[in-house]
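Computed from the coordinates by the stated procedures, all read-outs in this text should not be read as laboratory data. Only a predicted model underlies this, so the values are computations on that prediction, with no experimental measurement involved. When we count neighbours, we look across all protein chains shown, and the Cβ atoms used for this are built from the backbone with ideal geometry, even at glycine.
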Amino acid sequence: MKRIVILISGRGSNMQAIVQRCVQQRWPAVVAAVIANRQGAEGLEFAAAHGIQTAVVDHRAYVSRAAFDEALAAAIDPFAPDLIVLAGFMRILGDGFVQRHAGRLLNIHPSLLPAFPGLHTHRRALAAGCKVVGATVHFVTPELDHGPIVMQSAVPVLPGDDEEALAARVLATEHVIYPQAVRWFVEDRLVIENGLVRQLDGAVQVLL
């Protein structure tokens with residue numbers, strides 16, 4: 001039975017999707033804890049209501065990123081996670097933290113990486129005239145919003161789209177591909193070869 005720890009900063013809608021699919025689809029896994037970097041993160045209430053242990057490591061209490069990373073690792077370690085999932089976790093993790101958890105740290109980003117890493121992805125995509133956008137689940141590496149890609153979704157840009165409308169449609173696909181990617185991980189159906197992720201059953205790794 002794999003153990004998952006999920007990191008959030010807000011309502012954690014992807015966290016909620018993962019928790020629900022884990023139970024509904026009977027994964028060989030359990031969400032052991034949900035940890036937030038700020039008090040009052042809305043997702044903590046959902047997690048507690050589902051019997052999941054919660055914790056807060058407030059980044060504002062630490063004078064440096066390294067100090068926060070150490071405190072976060074200290075909060076995570078007692079849960080002995082096989083996988084750490086970043087679900088709307090709005091903090092950049094330092095190289096040491098990432099390397100410490102290499103190969104068991106997943107993130108989702110609301111763009112078709114490597115395009116538009118960082119913030120304001122939908123605004124930038126619209127400004128660039130993109131006809132297709134999407135989301136990417138990837139293993140985390142020290143480089144921001146990079147790392148071996150597990151799964152992507154493709155979402156057409158429609159006439160009249162603004163940031164809000166586009167973000168909502170992309171988020172709906174995130175709730176599909178992120179749980180799928182996590183399920184593949186806990187079922188040992190992913191392998192990284194030469195920097196590329198292969199799904200061992202040959203399943204399609206894109207949602208169109």
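Quick notes
- P(r) for region 107-208, from all Cα pairs and a bin width of 5 Å, is 2, 13, 25, 23, 18, 11, 6, 2, 0 %, short bins first.
- Angle in degrees between helix 13-24 and the longest Cα principal axis of the chain, rounded to the nearest 10: 70
- Local electrostatic count, GLY10, Cβ distance below 11 Å [Lys/Arg +1, Asp/Glu -1]: +1
- Near LYS2, the amide H atoms lying under 5 Å from its own belong to ALA29, VAL30; only residues 5 or more places off or on other chains count, and H is placed 1.01 Å from N.
- Mean-position separation - Cα centroids, region 1-48 and region 83-144, in angstrom: 18
- Ordering of 27-33, 58-64, 92-98 by packing [mean C-beta count within 10 Å, highest first]: 27-33, 92-98, 58-64
- Among 99-107, 154-162, the order from most to least packed when residues are scored by Cβ within 10 Å on average: 99-107, 154-162
- The residues neighbouring GLN152, those whose beta-carbon lies less than 14 Å from its own, together hold a net charge of -2 under the Lys/Arg +1, Asp/Glu -1 convention.
- Taking GLU164, GLU187, GLU70 as the candidate residues, the one with maximal mean-square fluctuation in a Gaussian network model of the chain, Cα springs under 10 Å, is GLU164.
- Net dipole in debye of region 107-208 [+1 Lys, Arg Cβ; -1 Asp, Glu Cβ; about Cα centre; nearest 20]: 140
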